[in-house]
1. Would you please name the residue that is modelled with the lowest pLDDT, looking only at residues in segment 84-105 that are touching a helix residue (DSSP H, G or I) at 6+ places or on another chain (Cβ under 9 Å) and either open to solvent by 60 Å² or more (accessible area, probe 1.4 Å) or assigned to a loop (DSSP other than H, G, I, E, B) (or both)?
2. I'd like to check something: does segment 49-63 contain any residue that is closer than 30 Å to P112 by Cβ, touching a helix residue (DSSP H, G or I) at 6+ places or on another chain (Cβ under 9 Å) and either in a helix (DSSP H, G or I) or at pLDDT 80 or above (or both)?
3. Here are the criteria: (1) in contact with a helix residue (DSSP H, G or I) (Cβ under 7 Å, 6 or more places away or on another chain); (2) open to solvent by less than 20 Å² (accessible area, probe 1.4 Å). Tell me which single one R67 does not satisfy.
4. Could you please let me know if E72 is open to solvent by 20 Å² or more (accessible area, probe 1.4 Å), within 19 Å of T115 (Cβ to Cβ) and more than 20 Å from the chain's Cα centre (by Cα)?
5. Answer yes or no: is there a residue in segment 83-94 that is more than 15 Å from the chain's Cα centre (by Cα) and basic (K, R).
6. Answer with yes or no whether N26 is touching a residue at least 24 places away in the same chain (Cβ under 8 Å) and either among the aliphatic types (A, V, I, L, M) or more than 30 Å from Q114 (Cβ to Cβ) (or both).
7. If I go through segment 17-48 residue by residue, how many of them are in a helix (DSSP H, G or I) and open to solvent by 50 Å² or more (accessible area, probe 1.4 Å)?
Amino acid sequence: DSRFMAAVFRAMPSDDLTDLLNQLPNDLTQAILPHIKDLDAVHTLMQYGKDTAGGIMTTDFVALPERMSVEEAIKEVRAASEKEVVFYIYVVDDANRLRGVMSLRQLILGAPTQTLGEIVTKQVWKVHLDTDQEEVARARRDCDKELKDVLSEFAELRSASIRLVASLKDVDLAR
């Protein structure tokens, strides 16, 4: 029944739903789109080729300001429990540009009064959104860093639509 299917689609993470929609005939995709809760994220993901870094990214992550204290950040992460990816926190400046990343471990081990900017890892591995997923997988295997980001040429996060930046998921690279 269509109500059940609509509920399933609304519950799916936008990157997984985009993968599904890319497999369906266009007329069926168009019939499903009105039932999707995060239509902006799905449209963003659908603009990239399914075999590119942009096509295998997720828009569901946590980004916090570099001036935020560790104590405040821990509260924010707890409040973001509905996010699909909360293994890493993306740290941004006042203009919402990526400044670095940190693991949950780094966050928890930080002093409560330290700012995220003081403890963030600033060297982040980046690829362009149109990079072929096989090249991303090869580069990822060759890289020693724990976290890899898909980052637009503008190197910024857009908090409202999260159109340009997203984190790669290991499961997507296994394709």
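The values are calculated or read from the model by the stated rules, or taken from the named source; none is laboratory data. Please read these numbers as outputs of a predicted model, since none were measured by experiment. Ideal geometry is used to build each Cβ from the backbone, glycine not excepted, and the neighbour counts take in all protein chains shown. Heads up: the accessible areas ignore ligands, DNA and RNA and are worked out on the full protein's heavy atoms, side chains in. Shrake-Rupley method; radii C 1.70, N 1.55, O 1.52, S 1.80 Å.
1. E84
2. yes
3. Among (1) in contact with a helix residue (DSSP H, G or I) (Cβ under 7 Å, 6 or more places away or on another chain); (2) open to solvent by less than 20 Å² (accessible area, probe 1.4 Å), R67 violates only (2).
4. Numbers: open to solvent by 20 Å² or more (accessible area, probe 1.4 Å): yes; within 19 Å of T115 (Cβ to Cβ): yes; more than 20 Å from the chain's Cα centre (by Cα): yes.
Spelling it out, E72 is indeed open to solvent by 20 Å² or more (accessible area, probe 1.4 Å), within 19 Å of T115 (Cβ to Cβ) and more than 20 Å from the chain's Cα centre (by Cα).
5. No, every residue in segment 83-94 fails to be more than 15 Å from the chain's Cα centre (by Cα) and basic (K, R).
6. no
7. 14
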